[in-house]
Amino acid sequence: MTFVIITHVPHILLQNQYFAYGPYVKEMNIWTRYADRVIIVAPKTDAERTLIDSAYEHDTIEFVPIENFDILTVKSTLSTIFKMPKISWSIFKAMQAANHIHLRCPGNAGLFGSIIQIAFPTKKKTAKYAGNWDPKSKQPWTYKLQQHILSNTFLTRKMQVLVYGQWKGSSKNIKPFFTATYQEIDKLPISKKVILKRINFIFVGALVKGKNPMYAIQLIAAFAKKGNNVRLSLYGEGVERSLLESYILKNNLEKIISLEGNQSQENVKKAYQNSHFVILPSDSEGWPKAIAEGMFWGCVPLAKAVSCVPFMLDKGERGVLLEMHIDKDCDQIASILHNQIDFDTKRNAAAEWSRSYTLDVFEEAIKELIV
C-alpha cells in the first residue's frame, strides 16, 4: 500500500532521515506501519533539529517538498497565488500514486489537500482534524472552509474525518477520535502527592499568545500572594518567551516561576510525576495532549473550556475548568487544596480516564481505519 501524507508540518532532512515535531511523528509512525511505501508532501526547513523533533521509522519514504505559505497578509496572499500551481500539482501527483490519502488538518497544506482530494472520489482517505471541531467556535475562515469540505459527503467521498469530541449535526463521515502518548506498559502506579508542602504546577506547550502562558504565570503569582507555597514550571519555547522573562524579573517571581524551554519527553514525564496540577489556559485546542499527559501521571488538570476539554475533565469532576478570572480561578484551586480527599479523588479520576487512551488502544483504532 502506498500511503500519502499531506501536512503543513515543517520537515528537516538530516543524515538521510526526515525529522519533524516529535508528537506528530510518533503518531505518524503508527499510521505508516501498515504501508509498503510512504509519500510525504510537506514543507522542508533548514532549521536545526531540536529536542522535540523525531525521525520517521519507515524504510521507504519519498519526500515531496512544497513551499511554506500563508494568506495572513496581502503580500503573503499574493505570494501564495504564485505558488499555488506548483503546490497543487505536487499534491495532485502524490494523490495519483496513493492507495490511501491522509490529510493533516487544519493547516495550509490541509486546505489544498481537502480541495484536491475531491478529484479522487474512489480512493480511500482519512483526515485527522487536530484543531477545534466545535461548529460554534470562532475559527479562521480557512479552517471553516476545511470543515465544510471535509464534512460534505458529496464533495468528500470514501473518507473518515477524525475529530476530537462529539458534535451534534455531524455528517456520517465524522468520527470522534482521540490521541495518545503513553503505552500500557507505562501505567506505573501514580505517586502519592500531599498538599501540605509546596504545590507544583506545570505548563507544557508553545510559549505563544494563544496558549496563554502569561495567564498561567499571573494566576500562580496571585495564588502565591495569598500565602500559598507554589511553583510553576513552563516547558516549551515560543515568541512570547522574552515577554514572559521580563514579566518574571519585573515582578520578582524567579523563585516561584521557571522557564524550562524544550525538554526531552523523559524530562517532561518526570516533571508531570512531580507536579500536583497541569495547567493549559489555551484559547483553542483540539485534544490538548499536555492535559491528557498530566492527567496520566495524576496531575489535576486546569484548563479553559474549549473544544473537547469539558469532556476530558468531565465538566469539572476530574479537574478545573478555568474561568480566566484570576480571583475566581484562585478560589477554585484553593477549594481543592483545602481537602486532601477531594484532591485525591480528582487526580485519581483524571488518571483513570487518561489511562484508558493508550498508544496500544490508539494503534488498534488506526489499524481498523487503514487495513
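A few comments on the model shown:
- Within the listed set ILE87, ILE195, ILE341, the Gaussian network model of the chain (springs between alpha-carbon atoms below 10 Å) gives the highest mean-square fluctuation for ILE341.
- Theoretical gain in end-to-end length, LEU145 to PHE311 [0.36 nm per residue, Cα-Cα removed]: 57.2 nm
- For the chain, the residue among THR122, GLN332, ILE52 whose Cα projects farthest onto the positive side of the dipole built from Cβ charges is THR122.
- FRET E, pair THR77, ARG198, Förster distance 41 Å, beta-carbon r, rounded to 0.05: 0.25
- Chain lengthening between LYS124 and GLU48 when straightened (0.36 nm per residue, less Cα-Cα): 23.8 nm
- Inter-label distance, nm, simple model (7 Å from Cα along the C-beta direction), SER246/LYS138: 2.5 nm
- Hydrodynamic analysis of the chain uses the Kirkwood radius over alpha carbon pairs. Inserted into Stokes-Einstein at 20 °C and 1.002 mPa s, it gives a translational diffusion coefficient of 98 µm²/s.
- The value of relative contact order for the chain, using C-alpha pairs under 8 Å at least six residues apart, is 14 percent.
- Of ILE5, VAL64, TRP89, farthest towards positive along the dipole that unit charges on Lys, Arg, Asp, Glu beta carbons give the range 1-104: TRP89
- In a simple Cβ point-charge model (Lys, Arg +1; Asp, Glu -1; nothing else charged), the chain has a dipole of about 700 debye relative to its Cα centre.
- 0 to 90° range, to nearest 10: angle between helix 340-354 axis and the chain longest Cα axis: 10 degrees
- Normalised by the number of residues in the range 188-354, the mean separation of alpha-carbon contacts (under 8 Å, six or more apart) gives a relative contact order of 23 percent.
- Alpha-carbon centroids, the range 284-306 and the range 115-187: separation in whole Å: 21 Å
- Packing-based ranking of 265-274, 155-164 yields 155-164, 265-274, ordered from highest to lowest mean Cβ neighbour count within 10 Å.
- Among LEU188, LEU150, LEU51, the residue with the largest mean-square fluctuation in a Gaussian network model of the chain, with springs joining Cα atoms closer than 10 Å, is LEU188.
- A dipole drawn for the chain from +1 and -1 charges on Cβ atoms has a positive end, and of TYR247, THR153, PHE203 the residue lying farthest that way is THR153.
- Length available on full extension from LYS270 to ALA334: 0.36 nm per residue minus the Cα-Cα distance, which gives 20.6 nm.
- Global form of the range 188-354, assessed from the alpha-carbon gyration tensor, a/c cut-off 1.5: rounded
Where a number appears in this text, it was derived from the coordinates with a stated rule and is not lab data. Since this is a predicted model, take the numbers as computed values, not measurements. All Cβ positions, even for glycine, are placed from backbone atoms using ideal geometry, and neighbour counts span all protein chains on display.
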